[in-house]
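Before any comments, here is the structure.
The values are calculated or read from the model by the stated rules, or taken from the named source; none is laboratory data. This is a predicted model, so every value here is computed, not measured. Virtual Cβ from ideal backbone geometry, glycine too; neighbours counted across all protein chains shown.
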Amino acid sequence: MMIRPVLGIALLATLVCASPLAAQAPRTPAPVATPPSLQAPYEPQLLRLAEIMGALHYLRTLCQGPEDGAWRREMQALLDAEATGGERRERLVQSFNRGYGGFEQAHRGCTPAARLATQRYVSEARRLVADIASRYGN
């Protein structure tokens, strides 16, 4: 019974205190982070996989000529399966772009280092997929 008046006073106090702020320029809402407890337990591995696919997308273009979009299609399949929208999708896309951008800045030609990176990333991606599938697959 006493909760409603207290709640009303608290709401009124919040509105009164917020009034000067409301007169200022509108602020864009801060992105709400998904609490770790609500994320999939394999989220870190999935983000790493997306980053690797971005790097491989760039490296394949660099070392094999015109891109056929294989790694981009793989990323799209991952997004379709794991994150059709929202913040999770955005994190996966950012990871993919980070992987692509990192190699775009570091490699301008198909060097032995770029070929070695490709081999290592393909191996790491296989390990991640196998780990996720064996631990969390149905």
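Assorted remarks:
- Among the residues making up segment 110-121, a single one is within 11 Å of ARG60 (Cα to Cα) and assigned to a loop (DSSP other than H, G, I, E, B): CYS110.
- Given (1) under 14 Å from GLN45 (Cβ atoms); (2) modelled with pLDDT under 95; (3) touching an Asp or Glu at 6+ places or on another chain (Cβ under 9 Å), number of the condition SER95 does not satisfy: (2)
- Of all residues in segment 36-68, exactly one satisfies the criterion of being surrounded by fewer than 18 Cβ atoms within 10 Å (Cβ to Cβ) and touching a His at 6+ places or on another chain (Cβ under 8 Å), namely GLU67.
- In the set (1) touching a residue at least 24 places away in the same chain (Cβ under 8 Å); (2) touching a helix residue (DSSP H, G or I) at 6+ places or on another chain (Cβ under 6 Å); (3) part of a helix (DSSP H, G or I), the condition left unmet by ARG135 is number (2).
- Residue count for segment 92-108, restricted to those that are in contact with a Leu (Cβ under 7 Å, 6 or more places away or on another chain) and over 17 Å from GLU74 (Cβ atoms): 1
- Every condition in (1) touching a residue at least 24 places away in the same chain (Cβ under 8 Å); (2) over 27 Å from SER134 (Cβ atoms); (3) among the acidic types (Asp, Glu) is met by GLU82 except one, and the failing one is (2).
- Out of GLU124, GLU104, GLU51, sole residue that is part of a helix (DSSP H, G or I), closer than 19 Å to ALA40 by Cα, acidic (Asp, Glu) and in contact (Cβ under 8 Å) with a residue 24 or more places away in the chain: GLU51
- ALA114 vs. criteria surrounded by 15 or more Cβ atoms within 10 Å (Cβ to Cβ) and out of contact with any Lys or Arg (no Cβ under 9 Å at 6 or more places or on another chain): yes
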